[in-house]
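Everything below concerns the one structure shown next.
The values are calculated or read from the model by the stated rules, or taken from the named source; none is laboratory data. This one's a predicted model, so the numbers in the text were calculated from it and none came from an experiment. So basically every Cβ, Gly included, is an ideal-geometry build from the backbone, and we count neighbours across all protein chains shown.
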Amino acid sequence: MKITYPIILFAVNLVIMSLELVGIRILAPFFGTSSIVWTSMISTIFCSLTFGYFLGGYISEKFEKNQQKALQATLFFSSISLAIIAITKDHLLYFSSSLTENNELNAIIASSSLFLIPSTLLSIAPVIIGKIMLTKTKKNGSKLSQIFAISSLGGVAGLWLTTFIFIPHIGSNKILFFLSSIVIISFTILISKYSFKGLSILFGIYMLTVSFKKAEHNYIDKDSLYNRILVYEDNFEGKKLKIMQLNNRINAAIDVANPYKPYYGYNIKILDLVKNKEQKQNILILGGAALTLSNSIAQLTDVNTIDVLEIDKQLTHLANTHFFKTNNKINVINTEARSYLNKVDTSKKYDVIIWDVFTSENNIPDHLTTKQTAKILNRITNSDGDLYMNILSPLDYEKGGFLYSEIKTFRSIFTNNDIHPVSSITDSNITQNIILQFNNKANTPLRKKITQRGIIITDDYCPFSYK
(Lines give C-alpha, C1' and ligand atoms only; values in the text may rest on other atoms or scores of the structure.)
Protein backbone atom coordinates (compact mmCIF):
# COMPACT_ATOMS: atom_id res chain seq x y z
CA MET A 1 0.00 0.00 0.00
CA LYS A 2 3.08 2.26 0.18
CA ILE A 3 2.71 3.46 -3.41
CA THR A 4 -1.09 3.30 -3.51
CA TYR A 5 -1.87 6.60 -1.80
CA PRO A 6 0.56 8.74 -3.88
CA ILE A 7 -0.95 7.27 -7.06
CA ILE A 8 -4.49 8.07 -5.92
CA LEU A 9 -3.40 11.54 -4.79
CA PHE A 10 -1.90 12.18 -8.25
CA ALA A 11 -5.02 10.85 -10.00
CA VAL A 12 -7.47 12.92 -7.93
CA ASN A 13 -5.61 16.18 -8.53
CA LEU A 14 -5.38 15.32 -12.24
CA VAL A 15 -9.15 14.93 -12.32
CA ILE A 16 -9.78 18.21 -10.45
CA MET A 17 -7.71 20.30 -12.86
CA SER A 18 -9.05 18.46 -15.90
CA LEU A 19 -12.59 19.12 -14.67
CA GLU A 20 -11.85 22.86 -14.45
CA LEU A 21 -10.77 23.03 -18.10
CA VAL A 22 -13.50 20.81 -19.46
CA GLY A 23 -15.99 22.80 -17.39
CA ILE A 24 -15.16 25.92 -19.43
CA ARG A 25 -15.76 23.97 -22.64
CA ILE A 26 -19.11 22.75 -21.31
CA LEU A 27 -20.22 26.26 -20.33
CA ALA A 28 -18.97 27.98 -23.52
CA PRO A 29 -21.79 26.94 -25.92
CA PHE A 30 -24.37 28.53 -23.62
CA PHE A 31 -22.55 31.45 -21.99
CA GLY A 32 -19.51 32.22 -24.14
CA THR A 33 -15.92 32.43 -22.92
CA SER A 34 -15.78 35.92 -21.46
CA SER A 35 -13.69 36.73 -18.40
CA ILE A 36 -16.84 36.46 -16.28
CA VAL A 37 -17.44 32.87 -17.43
CA TRP A 38 -13.82 31.93 -16.72
CA THR A 39 -14.06 33.62 -13.33
CA SER A 40 -17.29 31.78 -12.45
CA MET A 41 -15.70 28.42 -13.26
CA ILE A 42 -12.42 29.11 -11.46
CA SER A 43 -14.32 30.49 -8.44
CA THR A 44 -16.46 27.34 -8.34
CA ILE A 45 -13.34 25.16 -8.24
CA PHE A 46 -11.69 27.27 -5.52
CA CYS A 47 -14.88 27.28 -3.43
CA SER A 48 -15.07 23.52 -3.88
CA LEU A 49 -11.46 23.14 -2.75
CA THR A 50 -12.20 25.29 0.30
CA PHE A 51 -15.28 23.27 1.27
CA GLY A 52 -13.57 19.99 0.48
CA TYR A 53 -10.45 20.73 2.50
CA PHE A 54 -12.53 21.68 5.54
CA LEU A 55 -14.74 18.62 5.16
CA GLY A 56 -11.69 16.42 4.57
CA GLY A 57 -10.13 17.61 7.81
CA TYR A 58 -13.33 16.98 9.72
CA ILE A 59 -13.87 13.51 8.20
CA SER A 60 -10.26 12.43 8.75
CA GLU A 61 -10.58 13.32 12.45
CA LYS A 62 -14.12 12.01 12.87
CA PHE A 63 -13.33 8.66 11.25
CA GLU A 64 -9.71 8.38 12.34
CA LYS A 65 -9.98 4.62 12.80
CA ASN A 66 -11.75 4.15 9.46
CA GLN A 67 -9.92 6.61 7.24
CA GLN A 68 -9.53 4.17 4.37
CA LYS A 69 -13.28 3.47 4.29
CA ALA A 70 -13.96 7.22 4.38
CA LEU A 71 -11.61 7.64 1.41
CA GLN A 72 -13.32 4.79 -0.43
CA ALA A 73 -16.73 6.41 0.08
CA THR A 74 -15.42 9.79 -1.08
CA LEU A 75 -13.95 8.35 -4.27
CA PHE A 76 -17.05 6.28 -5.02
CA PHE A 77 -19.47 9.20 -4.73
CA SER A 78 -17.06 11.47 -6.63
CA SER A 79 -17.09 9.02 -9.53
CA ILE A 80 -20.89 8.79 -9.50
CA SER A 81 -21.26 12.59 -9.41
CA LEU A 82 -19.01 12.98 -12.48
CA ALA A 83 -21.09 10.45 -14.40
CA ILE A 84 -24.28 12.28 -13.36
CA ILE A 85 -22.89 15.56 -14.78
CA ALA A 86 -22.27 13.88 -18.14
CA ILE A 87 -25.86 12.61 -18.23
CA THR A 88 -27.68 15.73 -16.98
CA LYS A 89 -25.51 18.67 -18.05
CA ASP A 90 -27.43 19.63 -21.20
CA HIS A 91 -30.74 19.83 -19.32
CA LEU A 92 -29.18 21.88 -16.52
CA LEU A 93 -27.45 24.22 -18.96
CA TYR A 94 -30.59 24.87 -21.00
CA PHE A 95 -32.49 25.55 -17.78
CA SER A 96 -29.88 27.82 -16.19
CA SER A 97 -29.23 29.78 -19.41
CA SER A 98 -32.81 31.05 -19.37
CA LEU A 99 -33.17 31.70 -15.63
CA THR A 100 -32.47 35.45 -15.82
CA GLU A 101 -31.66 38.03 -18.47
CA ASN A 102 -28.15 38.36 -17.03
CA ASN A 103 -25.86 36.00 -18.92
CA GLU A 104 -23.05 36.28 -16.36
CA LEU A 105 -25.34 35.46 -13.43
CA ASN A 106 -26.69 32.46 -15.33
CA ALA A 107 -23.10 31.30 -15.94
CA ILE A 108 -22.33 31.47 -12.22
CA ILE A 109 -25.48 29.49 -11.40
CA ALA A 110 -24.68 26.89 -14.06
CA SER A 111 -21.05 26.38 -13.01
CA SER A 112 -22.05 26.07 -9.36
CA SER A 113 -24.92 23.66 -9.95
CA LEU A 114 -22.85 21.43 -12.22
CA PHE A 115 -19.40 21.39 -10.65
CA LEU A 116 -19.60 22.43 -6.99
CA ILE A 117 -20.60 19.01 -5.58
CA PRO A 118 -18.24 16.76 -7.58
CA SER A 119 -15.31 19.15 -7.09
CA THR A 120 -15.98 19.33 -3.35
CA LEU A 121 -16.13 15.53 -3.08
CA LEU A 122 -12.90 15.20 -5.05
CA SER A 123 -11.07 17.74 -2.87
CA ILE A 124 -11.94 15.80 0.31
CA ALA A 125 -9.78 12.89 -0.86
CA PRO A 126 -6.34 14.64 -0.82
CA VAL A 127 -6.83 15.70 2.81
CA ILE A 128 -7.70 12.15 3.93
CA ILE A 129 -4.77 10.76 1.94
CA GLY A 130 -2.47 13.34 3.49
CA LYS A 131 -3.65 12.41 6.96
CA ILE A 132 -3.04 8.70 6.28
CA MET A 133 0.41 9.31 4.82
CA LEU A 134 1.46 11.57 7.71
CA THR A 135 0.41 9.06 10.38
CA LYS A 136 2.71 6.45 8.87
CA THR A 137 5.91 8.50 9.28
CA LYS A 138 7.78 10.62 11.80
CA LYS A 139 9.30 12.80 9.05
CA ASN A 140 6.26 15.03 8.68
CA GLY A 141 8.05 17.88 6.92
CA SER A 142 9.53 15.62 4.23
CA LYS A 143 6.26 13.74 3.77
CA LEU A 144 4.25 16.97 3.60
CA SER A 145 6.50 18.28 0.81
CA GLN A 146 5.93 15.02 -1.09
CA ILE A 147 2.17 15.38 -0.72
CA PHE A 148 2.22 18.94 -2.13
CA ALA A 149 4.61 17.96 -4.94
CA ILE A 150 2.50 14.96 -6.02
CA SER A 151 -0.67 17.09 -5.90
CA SER A 152 0.94 19.77 -8.07
CA LEU A 153 2.24 17.22 -10.59
CA GLY A 154 -1.23 15.69 -10.83
CA GLY A 155 -2.70 19.14 -11.52
CA VAL A 156 -0.13 19.87 -14.22
CA ALA A 157 -0.80 16.47 -15.83
CA GLY A 158 -4.52 17.22 -15.79
CA LEU A 159 -4.02 20.57 -17.53
CA TRP A 160 -1.72 19.26 -20.25
CA LEU A 161 -3.60 16.02 -20.95
CA THR A 162 -6.94 17.82 -21.12
CA THR A 163 -5.66 20.59 -23.41
CA PHE A 164 -3.70 18.51 -25.89
CA ILE A 165 -5.28 15.05 -25.76
CA PHE A 166 -8.68 14.87 -24.06
CA ILE A 167 -10.44 17.88 -25.61
CA PRO A 168 -9.19 17.48 -29.22
CA HIS A 169 -9.57 13.69 -29.36
CA ILE A 170 -12.29 12.65 -26.91
CA GLY A 171 -14.77 15.51 -26.53
CA SER A 172 -16.12 17.16 -23.39
CA ASN A 173 -18.95 14.73 -22.66
CA LYS A 174 -16.78 11.64 -22.95
CA ILE A 175 -14.07 13.31 -20.87
CA LEU A 176 -16.48 13.36 -17.94
CA PHE A 177 -17.04 9.61 -18.24
CA PHE A 178 -13.29 9.13 -18.59
CA LEU A 179 -12.60 11.16 -15.43
CA SER A 180 -15.28 9.15 -13.64
CA SER A 181 -13.50 5.95 -14.68
CA ILE A 182 -10.17 7.25 -13.32
CA VAL A 183 -11.78 7.90 -9.93
CA ILE A 184 -13.61 4.56 -9.80
CA ILE A 185 -10.37 2.75 -10.64
CA SER A 186 -8.70 4.62 -7.78
CA PHE A 187 -11.56 3.50 -5.56
CA THR A 188 -11.11 -0.07 -6.76
CA ILE A 189 -7.45 -0.09 -5.74
CA LEU A 190 -8.48 0.43 -2.10
CA ILE A 191 -11.18 -2.25 -1.89
CA SER A 192 -10.34 -5.49 -0.11
CA LYS A 193 -13.61 -7.32 -0.82
CA TYR A 194 -13.14 -9.14 -4.10
CA SER A 195 -16.81 -9.26 -5.18
CA PHE A 196 -17.23 -5.50 -4.84
CA LYS A 197 -13.83 -4.96 -6.44
CA GLY A 198 -14.91 -7.01 -9.44
CA LEU A 199 -18.05 -4.94 -9.89
CA SER A 200 -16.02 -1.74 -9.59
CA ILE A 201 -13.56 -2.93 -12.21
CA LEU A 202 -16.43 -3.73 -14.57
CA PHE A 203 -17.90 -0.29 -13.95
CA GLY A 204 -14.52 1.33 -14.67
CA ILE A 205 -14.14 -0.66 -17.89
CA TYR A 206 -17.65 0.35 -18.93
CA MET A 207 -16.86 4.04 -18.30
CA LEU A 208 -13.67 3.77 -20.35
CA THR A 209 -15.60 2.10 -23.15
CA VAL A 210 -18.18 4.90 -23.14
CA SER A 211 -15.36 7.45 -23.19
CA PHE A 212 -13.69 6.13 -26.32
CA LYS A 213 -16.63 4.66 -28.20
CA LYS A 214 -17.29 6.49 -31.45
CA ALA A 215 -20.89 7.54 -31.81
CA GLU A 216 -22.66 6.72 -35.05
CA HIS A 217 -24.77 9.56 -36.38
CA ASN A 218 -25.42 11.49 -39.56
CA TYR A 219 -23.58 14.63 -38.52
CA ILE A 220 -20.03 15.57 -37.60
CA ASP A 221 -19.37 16.33 -33.94
CA LYS A 222 -15.80 17.43 -33.12
CA ASP A 223 -14.02 19.08 -30.24
CA SER A 224 -10.98 21.08 -31.31
CA LEU A 225 -8.59 23.00 -29.09
CA TYR A 226 -10.84 26.04 -29.45
CA ASN A 227 -14.40 24.99 -30.31
CA ARG A 228 -17.03 22.34 -30.18
CA ILE A 229 -17.91 21.91 -33.86
CA LEU A 230 -21.04 20.46 -35.43
CA VAL A 231 -21.45 20.06 -39.20
CA TYR A 232 -24.83 18.87 -40.44
CA GLU A 233 -27.42 19.30 -43.18
CA ASP A 234 -30.89 20.78 -42.79
CA ASN A 235 -33.77 21.90 -45.00
CA PHE A 236 -35.04 25.47 -44.70
CA GLU A 237 -37.39 27.39 -46.99
CA GLY A 238 -37.04 24.75 -49.69
CA LYS A 239 -33.23 24.83 -49.62
CA LYS A 240 -30.86 22.10 -48.54
CA LEU A 241 -28.33 23.75 -46.25
CA LYS A 242 -24.99 22.58 -44.93
CA ILE A 243 -24.38 24.21 -41.57
CA MET A 244 -21.37 24.68 -39.32
CA GLN A 245 -22.21 25.26 -35.68
CA LEU A 246 -19.61 26.46 -33.18
CA ASN A 247 -20.30 26.21 -29.45
CA ASN A 248 -24.07 25.90 -29.80
CA ARG A 249 -24.35 28.82 -32.27
CA ILE A 250 -24.65 28.60 -36.06
CA ASN A 251 -21.52 30.16 -37.52
CA ALA A 252 -21.82 29.43 -41.24
CA ALA A 253 -24.19 27.93 -43.79
CA ILE A 254 -24.25 27.30 -47.52
CA ASP A 255 -26.99 26.39 -49.96
CA VAL A 256 -25.77 23.00 -51.22
CA ALA A 257 -27.24 23.72 -54.67
CA ASN A 258 -25.46 27.10 -54.92
CA PRO A 259 -22.59 27.07 -52.40
CA TYR A 260 -20.76 30.19 -53.59
CA LYS A 261 -23.75 32.49 -53.26
CA PRO A 262 -23.63 33.96 -49.71
CA TYR A 263 -26.49 32.74 -47.56
CA TYR A 264 -26.40 35.14 -44.62
CA GLY A 265 -27.05 38.86 -44.88
CA TYR A 266 -23.73 40.04 -43.48
CA ASN A 267 -21.81 37.98 -46.03
CA ILE A 268 -23.99 39.39 -48.81
CA LYS A 269 -23.32 42.93 -47.54
CA ILE A 270 -19.55 42.42 -47.34
CA LEU A 271 -19.46 40.80 -50.80
CA ASP A 272 -21.37 43.75 -52.29
CA LEU A 273 -18.96 46.22 -50.66
CA VAL A 274 -15.97 44.30 -52.03
CA LYS A 275 -17.51 44.02 -55.51
CA ASN A 276 -18.00 47.79 -55.65
CA LYS A 277 -14.31 48.44 -55.09
CA GLU A 278 -12.18 49.09 -58.17
CA GLN A 279 -8.99 47.80 -56.55
CA LYS A 280 -9.37 44.44 -54.78
CA GLN A 281 -6.39 42.35 -55.81
CA ASN A 282 -5.16 41.38 -52.36
CA ILE A 283 -7.51 40.65 -49.47
CA LEU A 284 -6.88 39.71 -45.84
CA ILE A 285 -9.63 38.08 -43.78
CA LEU A 286 -9.41 37.72 -40.00
CA GLY A 287 -11.52 34.68 -39.13
CA GLY A 288 -12.14 31.81 -41.53
CA ALA A 289 -14.44 29.19 -39.98
CA ALA A 290 -16.11 27.34 -42.90
CA LEU A 291 -14.41 29.68 -45.42
CA THR A 292 -17.78 30.66 -46.89
CA LEU A 293 -16.94 34.35 -47.32
CA SER A 294 -13.47 33.78 -48.76
CA ASN A 295 -14.79 31.25 -51.29
CA SER A 296 -17.63 33.56 -52.34
CA ILE A 297 -15.19 36.41 -52.93
CA ALA A 298 -12.70 34.16 -54.76
CA GLN A 299 -15.42 32.76 -57.02
CA LEU A 300 -17.50 35.89 -57.66
CA THR A 301 -14.87 38.66 -57.95
CA ASP A 302 -11.58 39.18 -59.81
CA VAL A 303 -9.43 39.05 -56.67
CA ASN A 304 -5.89 37.67 -56.98
CA THR A 305 -5.12 36.38 -53.49
CA ILE A 306 -7.00 36.01 -50.23
CA ASP A 307 -5.03 35.44 -47.02
CA VAL A 308 -7.24 34.01 -44.26
CA LEU A 309 -6.17 33.96 -40.60
CA GLU A 310 -7.94 31.13 -38.78
CA ILE A 311 -6.66 29.87 -35.45
CA ASP A 312 -8.52 26.54 -35.53
CA LYS A 313 -6.94 23.97 -37.87
CA GLN A 314 -9.90 21.65 -37.37
CA LEU A 315 -12.27 24.26 -38.85
CA THR A 316 -10.07 24.64 -41.92
CA HIS A 317 -9.93 20.88 -42.39
CA LEU A 318 -13.73 20.55 -42.13
CA ALA A 319 -14.24 23.53 -44.48
CA ASN A 320 -12.03 21.97 -47.15
CA THR A 321 -13.50 18.48 -46.81
CA HIS A 322 -17.22 19.21 -46.31
CA PHE A 323 -17.93 22.68 -47.70
CA PHE A 324 -15.60 23.66 -50.55
CA LYS A 325 -12.84 22.28 -52.70
CA THR A 326 -9.46 23.88 -52.11
CA ASN A 327 -9.15 27.16 -54.04
CA ASN A 328 -5.66 28.25 -55.16
CA LYS A 329 -6.56 31.89 -54.58
CA ILE A 330 -7.15 31.24 -50.88
CA ASN A 331 -4.21 30.92 -48.52
CA VAL A 332 -5.31 29.84 -45.04
CA ILE A 333 -2.83 30.61 -42.26
CA ASN A 334 -3.67 28.65 -39.11
CA THR A 335 -2.49 30.98 -36.40
CA GLU A 336 -3.83 33.42 -33.83
CA ALA A 337 -4.65 36.63 -35.69
CA ARG A 338 -3.08 39.17 -33.32
CA SER A 339 0.13 37.14 -32.99
CA TYR A 340 0.38 37.07 -36.79
CA LEU A 341 -0.32 40.79 -37.11
CA ASN A 342 2.32 41.63 -34.52
CA LYS A 343 4.94 39.99 -36.75
CA VAL A 344 3.50 40.75 -40.18
CA ASP A 345 5.66 42.30 -42.89
CA THR A 346 4.14 45.78 -43.16
CA SER A 347 5.58 46.21 -46.66
CA LYS A 348 2.82 43.88 -47.86
CA LYS A 349 -0.33 45.92 -48.34
CA TYR A 350 -3.94 44.80 -48.74
CA ASP A 351 -6.68 46.43 -50.79
CA VAL A 352 -9.35 44.96 -48.50
CA ILE A 353 -9.14 43.73 -44.92
CA ILE A 354 -12.18 41.94 -43.50
CA TRP A 355 -12.40 41.61 -39.71
CA ASP A 356 -14.82 38.73 -38.99
CA VAL A 357 -13.87 37.23 -35.63
CA PHE A 358 -17.09 37.54 -33.61
CA THR A 359 -18.74 34.21 -32.81
CA SER A 360 -21.49 35.70 -30.62
CA GLU A 361 -22.31 38.86 -28.68
CA ASN A 362 -20.94 37.08 -25.59
CA ASN A 363 -17.56 36.31 -27.19
CA ILE A 364 -15.79 39.61 -27.77
CA PRO A 365 -12.20 39.02 -28.95
CA ASP A 366 -10.76 41.79 -26.75
CA HIS A 367 -7.23 41.79 -28.15
CA LEU A 368 -8.48 42.31 -31.72
CA THR A 369 -10.67 45.30 -30.87
CA THR A 370 -7.98 47.65 -29.55
CA LYS A 371 -6.19 50.75 -30.77
CA GLN A 372 -2.97 48.74 -31.06
CA THR A 373 -4.66 46.30 -33.47
CA ALA A 374 -6.10 49.24 -35.43
CA LYS A 375 -2.59 50.66 -35.86
CA ILE A 376 -1.29 47.40 -37.31
CA LEU A 377 -4.26 47.03 -39.68
CA ASN A 378 -3.80 50.65 -40.78
CA ARG A 379 -0.14 50.00 -41.63
CA ILE A 380 -0.99 47.08 -43.92
CA THR A 381 -3.97 48.76 -45.65
CA ASN A 382 -3.31 50.38 -49.03
CA SER A 383 -3.85 54.13 -49.26
CA ASP A 384 -7.08 53.49 -51.19
CA GLY A 385 -7.91 50.30 -49.29
CA ASP A 386 -10.81 49.58 -46.94
CA LEU A 387 -11.24 47.79 -43.63
CA TYR A 388 -14.61 46.10 -43.06
CA MET A 389 -15.49 44.93 -39.56
CA ASN A 390 -18.41 42.59 -38.85
CA ILE A 391 -19.77 43.56 -35.42
CA LEU A 392 -22.68 42.08 -33.46
CA SER A 393 -24.49 44.87 -31.62
CA PRO A 394 -27.67 46.94 -31.30
CA LEU A 395 -27.54 50.43 -32.81
CA ASP A 396 -28.87 51.91 -29.57
CA TYR A 397 -25.98 53.43 -27.60
CA GLU A 398 -27.24 52.27 -24.20
CA LYS A 399 -27.33 48.65 -25.42
CA GLY A 400 -24.45 48.85 -27.89
CA GLY A 401 -21.74 50.76 -26.07
CA PHE A 402 -19.10 48.47 -27.55
CA LEU A 403 -20.12 49.44 -31.11
CA TYR A 404 -19.55 53.13 -30.51
CA SER A 405 -16.34 52.56 -28.60
CA GLU A 406 -15.05 50.43 -31.46
CA ILE A 407 -15.88 53.17 -33.95
CA LYS A 408 -14.14 55.74 -31.76
CA THR A 409 -11.12 53.46 -31.34
CA PHE A 410 -10.58 52.78 -35.04
CA ARG A 411 -11.43 56.37 -36.02
CA SER A 412 -8.53 57.44 -33.80
CA ILE A 413 -6.31 55.70 -36.38
CA PHE A 414 -8.28 55.76 -39.66
CA THR A 415 -9.55 58.97 -41.27
CA ASN A 416 -13.06 57.97 -42.35
CA ASN A 417 -15.80 55.60 -41.29
CA ASP A 418 -19.26 54.43 -42.27
CA ILE A 419 -21.86 52.07 -40.79
CA HIS A 420 -23.80 49.42 -42.72
CA PRO A 421 -26.52 47.76 -40.57
CA VAL A 422 -27.48 44.43 -42.11
CA SER A 423 -30.96 43.74 -40.72
CA SER A 424 -32.49 47.13 -39.94
CA ILE A 425 -31.50 50.79 -40.06
CA THR A 426 -34.52 51.93 -38.06
CA ASP A 427 -34.78 49.34 -35.25
CA SER A 428 -32.02 50.34 -32.87
CA ASN A 429 -32.87 47.77 -30.18
CA ILE A 430 -32.21 44.51 -32.01
CA THR A 431 -28.80 42.86 -31.90
CA GLN A 432 -27.70 42.53 -35.51
CA ASN A 433 -24.67 42.28 -37.75
CA ILE A 434 -23.31 45.75 -38.44
CA ILE A 435 -20.51 46.24 -40.97
CA LEU A 436 -18.15 49.05 -40.01
CA GLN A 437 -16.07 50.54 -42.82
CA PHE A 438 -12.83 52.48 -42.34
CA ASN A 439 -10.35 53.99 -44.77
CA ASN A 440 -7.88 56.85 -45.25
CA LYS A 441 -9.03 58.09 -48.65
CA ALA A 442 -8.86 61.83 -49.35
CA ASN A 443 -11.97 61.92 -51.52
CA THR A 444 -14.55 59.61 -50.05
CA PRO A 445 -18.31 59.68 -49.47
CA LEU A 446 -17.84 58.00 -46.08
CA ARG A 447 -19.25 59.82 -43.12
CA LYS A 448 -17.15 61.33 -40.35
CA LYS A 449 -19.40 60.73 -37.39
CA ILE A 450 -19.96 59.18 -33.98
CA THR A 451 -16.48 59.77 -32.63
CA GLN A 452 -17.45 61.50 -29.39
CA ARG A 453 -19.31 58.62 -27.78
CA GLY A 454 -17.76 55.61 -26.10
CA ILE A 455 -14.15 55.05 -25.06
CA ILE A 456 -10.93 54.25 -26.89
CA ILE A 457 -10.23 50.56 -26.34
CA THR A 458 -6.62 49.60 -25.68
CA ASP A 459 -4.68 46.45 -24.86
CA ASP A 460 -4.57 47.77 -21.31
CA TYR A 461 -8.29 48.48 -20.96
CA CYS A 462 -11.16 46.70 -22.69
CA PRO A 463 -14.11 46.33 -20.29
CA PHE A 464 -16.65 44.98 -22.74
CA SER A 465 -16.33 41.29 -21.83
CA TYR A 466 -18.04 42.37 -18.62
CA LYS A 467 -21.08 43.95 -20.29
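In table form, for the structure just shown:
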quantity: Scope segment 213-248; condition modelled with pLDDT under 60 and touching a helix residue (DSSP H, G or I) at 6+ places or on another chain (Cβ under 7 Å); matching residues; calculated: none
quantity: Test: residue in segment 58-72 that is at pLDDT below 90, outside any helix (DSSP H, G or I) and of a type outside the set (Lys, Arg); calculated: yes
quantity: Selected residue (criterion: farthest from Asp460 (Cα to Cα)) from residues of segment 333-350 that are crowded, with 21+ Cβ neighbours inside 10 Å and touching a strand residue (DSSP E or B) at 6+ places or on another chain (Cβ under 7 Å); calculated: Tyr350
quantity: Tabulated pairs, segment 326-337, first part of a loop (DSSP other than H, G, I, E, B), second surrounded by fewer than 14 Cβ atoms within 10 Å (Cβ to Cβ) and at pLDDT 90 or above, C-beta under 9 angstrom, 6+ apart or interchain; calculated: Lys329/Asn304
quantity: Segment 1-31 - residue that is of a type outside the set (D, E, K, R) and not in a helix (DSSP H, G or I) and, of those, modelled with the lowest pLDDT; calculated: Met1
quantity: Candidate set from segment 293-322 (those that are in contact (Cβ under 8 Å) with a residue 60 or more places away in the chain and outside any helix (DSSP H, G or I)); member that is farthest from Asp351 (Cα to Cα); calculated: Asp312
quantity: Residue list for segment 59-69, restricted to those being buried (at least 18 other Cβ atoms within 10 Å of the Cβ) and more than 18 Å from Pro6 (Cβ to Cβ); calculated: Ile59
quantity: Some residue of segment 27-45 being buried (at least 21 other Cβ atoms within 10 Å of the Cβ) and in contact with a Gly (Cβ under 7 Å, 6 or more places away or on another chain); calculated: yes
quantity: Single match in Ile353, Ile434, Ile430 (criterion: β-branched (Val, Ile, Thr) and in a loop (DSSP other than H, G, I, E, B)); calculated: Ile430
quantity: Count of segment 85-118 residues which are farther than 22 Å from Ser34 by Cα and in contact (Cβ under 8 Å) with a residue 24 or more places away in the chain; calculated: 4
quantity: From Phe95, Phe76, residue being of a type in the set (Phe, Trp, Tyr) and closer than 20 Å to Leu14 by Cβ; calculated: Phe76
